[in-house]
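Student: This is the structure, below, for whatever I ask next.
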Amino acid sequence: MPEAGSPAASTVDIPQQSKVRTRRSPPAPIIVDRQRLLTSASIAVLTALSAGSASAQAWNGNTSSDWTNGANWSGGTVPTSPTAVTVDSVNPAVLGIGGAASGSTGNLYVGETSAGSLTIQNGSTLTSLGSFRIGGGGGTGTVTVTGAGSQWTATGLALSIGGTGRGILNVEDGATVTASGGMSLGNTGGVGTLNVSNATIASQSLSVGAGSQVNFDNATYRATRSSGVWIGTGPGTLNIAAGGLTLDSVGFTVSALRELSGVGALTKTGTGILNLTTSNSYTGRTVIDQGTLALRANSSIAASSGVTANGTFDISPLTAAGTDIQSLSGSGVVTMGAKNLTITNANDTFAGTFNGTGVLTIAGGKEILSGDNSAFGGSTLVQGGTLAINGILGGPMSVLSGGRLQGIGTVGDTTNAGVIAPGNSIGTLTIAGNYTGNGGTLQIESVLGGDASPTDKLVVTGNTAGSTFVRVTNVGGTGAQTTEGIKIVDVGGASNGTFALQGDYVIQGQQAVVGGAYAYTLQKNGVSTPADGDWYLRSSLVNPPAAAPAGPLYQPGVPLYESYGQILLGMNGLSTFRQRIGDRYSGAGDVAAPTRVQAPSPVWARVEGQHTKMTPSNTTGSSYTADQMKLQSGFDGLAFANRFGQLIFGISAHYTTLTSDIKSFYGNGKINVEGAGIGGSLTWFGDNGFYVDGQSQVTWYKSDLSSDLAGTVAGNKWGYGYAVGAEGGRRVPIGGAFSLTPQAQLTYSSVNFDGFNDRFGAHVSNDRARSLLGRAGLSLDHQRVGQGGDGRTTRSDIYGIANLYYEFLNGAVVDVAGTKFASATDRLWGGVGVGGNYRWAGDKYAVYGEVSFNTSLANAGDNYAYKGTVGFRAKW
């Protein structure tokens, strides 16, 4: 049998009057393809004309590479059709050296028995009629068609590239090659290569033999007729490079029988149908701009990064039960028939429609469907990843344990074993049918506040059944007291399903979620519509106990924040003059002669401990106990002295800790505080027994706040405070060793702490925390002077004291997400104490101390404090 594309064919001539006898044989079936028959007949005629009507010319390139120079041809003239042309010289032939040119040939063979090269460039056109071979007779041939407008049109038999030799066809940079009889690479033992880059080829078929390869890079392959072997037989390689491949069916029905590989995208354009009939491994995207791309037999495009279906994507002809794609976008049609489609790695939005009765499965990624698929007769399975419905999707919906359904559209009957999250942030998802919870979760985003708060909502037009967990995320809501509540599930039919909140903490056995200063529980039925079957978030408890305070339900951090400023104020106060220094300096009112400060200056240290129980006036009804310890040390020096007395200055440093237990219906907790600071004092001691003591201090605090219900709500929170005060009094002898000391003290204290967001996202800030505390007291002293074993003077002083306290300011106010909470202690307090000091070695050493008990005069059992301090001083 002669090779396809051979220059001549064998013939038998039968005279007109002759008879031909043939052996009788059974009739065989005849299959007639009218279009093929006509084409084959045309090709036979064209081939015969080309072979028999013209002489042949050979390229020698003796003068130059210019095709249009007759001196480069064996016949001395430029060949024209139907002249058969052979380019079989090492000298390359170029059509279009000086610009666009045109040429024509009959048969054309390049690299027939040796090496040959032909270039068509600069918008030039070459028309060939007959048969065509590149590297066809054992030689090596290369044809390059390059540049915008450059064309080679080969009409006749199939274009053979590397028939029995090695052939290369390069189509580049806007050029076009049309081979109406098809293209065949390496199908008779040779090796062919077709490179199409930024260019177009057009043909009725493309066959790639073993060892041969087609490389498409921003290439277009256009059909010239309907063909079942458009991309046909042969085990060679069809590679799509990064620039991609466009397959233009033009309106025909064409089929690709071989695998398409590579990293580029495949684009289907043109009306008509492109059938893919085998498994493909290209990884670029599949784009259907026009017409239909159909998967037939066992075809697959699962390796493709996704499908953009603006035309029709048809999987109904598959012989398998279904197929996988990675993702889906576009606005066209997916025809499923009874086949199943699985989307494995979605990251797209599809605005088109699904037709068929198969199963649509989402197995990974996130797929958004925004079209009207109310007529879809299949079912949907969310196996993994996320499916967002922003349009309508008919048929039953099943959300499995690894899947997530969200969106603002409408779905059919739904079973939930995974996650359903209405909205794409805040929005409503509608189930036009029944809902069954199968241990799945309903995720709700809500701007937690009053009844009208923006929120996600699940609307079920039918009945509910089964059990569903509910998780609520607060989206910037600052909380509020509700009446009806925030509706999150609207049930149109029988409300038999249960929805159980999985909140931030549990109070009174009920799950609660936090919004700002408030806590919300999930409750069935409306307040004014107690049988509506809907589900609401309310800032209250379900059937609250009798001990519950009136008003809304506050989150467990609020009692801590409410008490925080008041507790810091309690730490930030100043001691009395005597608690701080004892009675180190004597005056004329003493039973002994006055002793004055002399260099070197004394140093001193003391420790103070206090236990407090407080039930302040506040919003949450919380109370607390606090245990405080304070270490303070410093030194004093003489600033000034005259015959009336002495002015003493002092500098000190202190460290303090506090542990407080807060009790509240809304949740108990702890506040632990550490503080450190410095202070200063200036004291006038008159020789007549009168004294005025001024002191100031500043303290920096670090606090940890924890709730028994919610754990640590705020850790390592910083604050600071300062206090200034003045105290005055006079020791008045009343006979013998006794004296009275009336005294008064006024202390201003202020604390602040850095604002912070608690573990629930509520912003907590200090509004104010100030105190102006007045004290009026009277002490009764007994003094004694003696002599130690070393002959030096000893002094002792024992006293009892009674005090009245009055708070002039209103305590502390804290802001929790826009809601203010105040805490204030009782204003009027009373207290008693005893103390003393002992000095020896001529006043070189001294110890001193005091214990006291203070209580509210309005609520004595609920507000009290007892305190003790002991100190030591020495002079060296």
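Student: Only one of 189, 211 is at pLDDT below 95, in a loop (DSSP other than H, G, I, E, B) and over 44 Å from the mean Cα position of the chain (by Cα). Can you tell me which?
Tutor: After applying the criteria, what remains is 189.
Student: I'm trying to understand the selection: among the residues of the stretch 536-547, which are surrounded by 15 or more Cβ atoms within 10 Å (Cβ to Cβ) and either over 18 Å from residue 477 (Cβ atoms) or in the same structural domain as residue 758 (by TED's automatic domain parsing) (or both)?
Tutor: Hits for the stretch 536-547 are 541, 544.
Student: Condition first: in a loop (DSSP other than H, G, I, E, B), over 60 Å from the mean Cα position of the chain (by Cα) and more than 15 Å from residue 56 (Cα to Cα). Now tell me which residues in the stretch 102-122 satisfy that.
Tutor: 111, 113, 114
Student: Moving on. Residue 188 passes all but one of (1) over 11 Å from residue 159 (Cα atoms); (2) without any contact (Cβ under 8 Å) to a residue 60 or more places away in the chain; which number fails?
Tutor: Failed condition: (2).
Condition check ((1) free of Cβ contacts under 8 Å to residues at least 12 places away in the same chain; (2) polar (S, T, N, Q); (3) out of contact with any helix residue (DSSP H, G or I) (no Cβ under 6 Å at 6 or more places or on another chain); (4) buried (at least 21 other Cβ atoms within 10 Å of the Cβ)) across all residues:
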{"residue": "78", "(1), (2), (3), (4)": "no, no, no, no"}
{"residue": "89", "(1), (2), (3), (4)": "no, yes, yes, no"}
{"residue": "106", "(1), (2), (3), (4)": "no, no, no, yes"}
{"residue": "110", "(1), (2), (3), (4)": "no, no, yes, yes"}
{"residue": "130", "(1), (2), (3), (4)": "no, no, no, yes"}
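Quick grid of which residues meet (1) assigned to a loop (DSSP other than H, G, I, E, B); (2) of a type outside the set (Phe, Trp, Tyr); (3) under 46 Å from the mean Cα position of the chain (by Cα):
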| residue | (1), (2), (3) |
| --- | --- |
| 181 | yes, yes, no |
| 207 | no, yes, no |
| 222 | no, yes, yes |
| 229 | no, yes, no |
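Student: Now, a different point. Could you check the stretch 725-791 for strands (runs of 3 or more DSSP E) lying wholly inside it with 1 or more residues that are touching a Pro at 6+ places or on another chain (Cβ under 7 Å) and free of Cβ contacts under 8 Å to residues at least 60 places away in the same chain?
Tutor: 763-787
Student: Let me spell it out: the conditions are (1) within 30 Å of residue 503 (Cα to Cα); (2) in contact with a strand residue (DSSP E or B) (Cβ under 8 Å, 6 or more places away or on another chain); (3) of a type outside the set (Phe, Trp, Tyr), and residue 711 meets all of them except one. Which number is the exception?
Tutor: With respect to (1) within 30 Å of residue 503 (Cα to Cα); (2) in contact with a strand residue (DSSP E or B) (Cβ under 8 Å, 6 or more places away or on another chain); (3) of a type outside the set (Phe, Trp, Tyr), residue 711 is out only on (2).
Student: Looking only at the stretch 331-340, which residues are surrounded by fewer than 22 Cβ atoms within 10 Å (Cβ to Cβ) and not polar (S, T, N, Q)?
Tutor: 333, 337, 338, listed by residue number.
Student: Among the residues of the stretch 707-724, which ones are part of a loop (DSSP other than H, G, I, E, B) and surrounded by fewer than 17 Cβ atoms within 10 Å (Cβ to Cβ)?
Tutor: Hit for the stretch 707-724 is 708, nothing else.
Student: Taking strands (runs of 3 or more DSSP E) that fall entirely within the stretch 592-687, which contain at least 2 residues that are without any contact (Cβ under 8 Å) to a residue 40 or more places away in the chain and either among the small types (Gly, Ala, Ser) or farther than 23 Å from residue 718 by Cα (or both)?
Tutor: 623-642, 645-663, 669-686
Student: What residue, among those in the stretch 680-706 that are within 14 Å of residue 726 (Cβ to Cβ) and buried (at least 18 other Cβ atoms within 10 Å of the Cβ), is farthest from the chain's Cα centre (by Cα)?
Tutor: 690
Student: Quick one: is residue 258 among the basic types (Lys, Arg) and within 27 Å of residue 366 (Cα to Cα)?
Tutor: Here the answer is no, as residue 258 does not meet what is asked.
Student: Kindly provide the set of residues from the stretch 792-837 that are part of a strand (DSSP E or B) and among the β-branched types (Val, Ile, Thr), ordered by number.
Tutor: 793, 794, 798, 801, 813, 814, 816, 819, 832, 834
Student: Among the candidates 199, 148, single out the residue that is outside the structural domain of residue 80 (by TED's automatic domain parsing), small (Gly, Ala, Ser) and closer than 20 Å to residue 103 by Cβ.
Tutor: Just one listed residue meets the conditions, 199.
Student: Please specify each residue of the stretch 483-506 satisfying the condition of being of a type outside the set (A, V, I, L, M) and not in a strand (DSSP E or B).
Tutor: 483, 484, 485, 492, 493, 496, 497, 502, 503, 504
Student: Next up: Can you tell me which of 437, 403 is of a type outside the set (Val, Ile, Thr), touching a residue at least 60 places away in the same chain (Cβ under 8 Å) and within 20 Å of residue 499 (Cα to Cα)?
Tutor: Result of the check over 437, 403: 437.
The values are calculated or read from the model by the stated rules, or taken from the named source; none is laboratory data. Because the structure is predicted, anything quoted here is derived from the model rather than measured. All Cβ positions, glycine included, derive from the backbone under ideal geometry; neighbour counts span all protein chains shown.
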